[in-house]
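The block underneath contains the structure these notes are about, expressed in structure tokens.
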Amino acid sequence: MNRTTHIGCACGQTRLEVRGNPILVSECLCNSCRAAAGRLAALPGAKNTLTAYHATPAAEYRKDRISIRSGVENLKEFRLSSTAGSRRVVATCCNTPVFLELKGAHWLSLYLHLWPAETRPRPELRTMVGDLADTSALPKDIPNLKSHTLAFYAKLLAAWVAMGFRNPKIAVAGKIDV
């Protein structure tokens with residue numbers, strides 16, 4: 001776990017440090033991730049974070065292995081609706097999506113575009129492809145899973161056990177509507 005990686009938003013004002021390896025690196029094709037990415041891409045200066053086949057690539061990291069080093073004042077949460085349990089957090093200095101946090105989760109899904117291309121973690125699988133009407137455009141380079149698997153949840157549970165069943169809170173500076 002000695003490896004430390006520094007990542008950040010497009011303009012560099014918001015910086016994070018991640019320690020160790022991710023729990024999992026995946027691409028999500030659920031309806032919510034695709035809808036949120038589309039709405040966030042409409043923010044001024046924002047870039048589309050979806051792959052060519054509309055997946056959201058992310059590295060799942062234990063919360064206790066993530067530190068916000070600068071720009072916490074730029075972090076604002078976005079929810080698909082007022083009752084949505086999950087939140088996406090955006091660095092509003094340049095409207096870069098930073099992470100997804102599920103309600104009650106002990107991990108964050110850090111968006112892969114935060115890493116420089118040469119050090120970006122490679123996805124191990126695609127999940128929630130069952131939400132797509134047509135999966136024929138998906139590459140066959142990694143497993144394309146219809147939904148989350150028992151192995152997916154087992155990795156998350158093992159990480160939580162290793163954390164002593166803690167769930168650190170990640171504070172942000174407000175909310176945005178898109």
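The values are calculated or read from the model by the stated rules, or taken from the named source; none is laboratory data. Every value quoted in this text rests on a predicted model; they were computed, and no experiment measured them. Note that each Cβ is placed from the backbone with ideal geometry, even for glycine, and that neighbours are counted across all protein chains shown. To get the accessible areas, we keep the full protein, side chains included, count just its heavy atoms, and leave off ligands, DNA and RNA. Shrake-Rupley method; radii C 1.70, N 1.55, O 1.52, S 1.80 Å.
When residue 164 is tested against the conditions (1) at pLDDT 90 or above; (2) within 17 Å of the chain's Cα centre (by Cα); (3) surrounded by fewer than 16 Cβ atoms within 10 Å (Cβ to Cβ), the lone failure is (2). A single entry from 171, 159, 137 fulfils the requirement of being over 24 Å from residue 34 (Cα atoms) and open to solvent by 60 Å² or more (accessible area, probe 1.4 Å): 171.
Among the residues of region 88-104, some residue qualifies, meaning at least one is touching a helix residue (DSSP H, G or I) at 6+ places or on another chain (Cβ under 9 Å) and among the small types (Gly, Ala, Ser). Candidates are the residues of region 10-26 that are open to solvent by 10 Å² or more (accessible area, probe 1.4 Å) and not aliphatic (A, V, I, L, M); the one that is farthest from residue 158 (Cα to Cα) is 11. Cβ-Cβ contacts under 7 Å between residues 6 or more apart (or on different chains), taken from a first residue in region 1-30 that is within 21 Å of residue 56 (Cβ to Cβ) to a second residue that is acidic (Asp, Glu) and open to solvent by 40 Å² or more (accessible area, probe 1.4 Å), are listed as 24/124; 25/124; 26/124; 29/131; 30/131.
Residues of region 95-122 that are open to solvent by 40 Å² or more (accessible area, probe 1.4 Å) and either part of a loop (DSSP other than H, G, I, E, B) or within 20 Å of residue 40 (Cβ to Cβ) (or both): 102, 103, 104, 113, 116, 120, 122.
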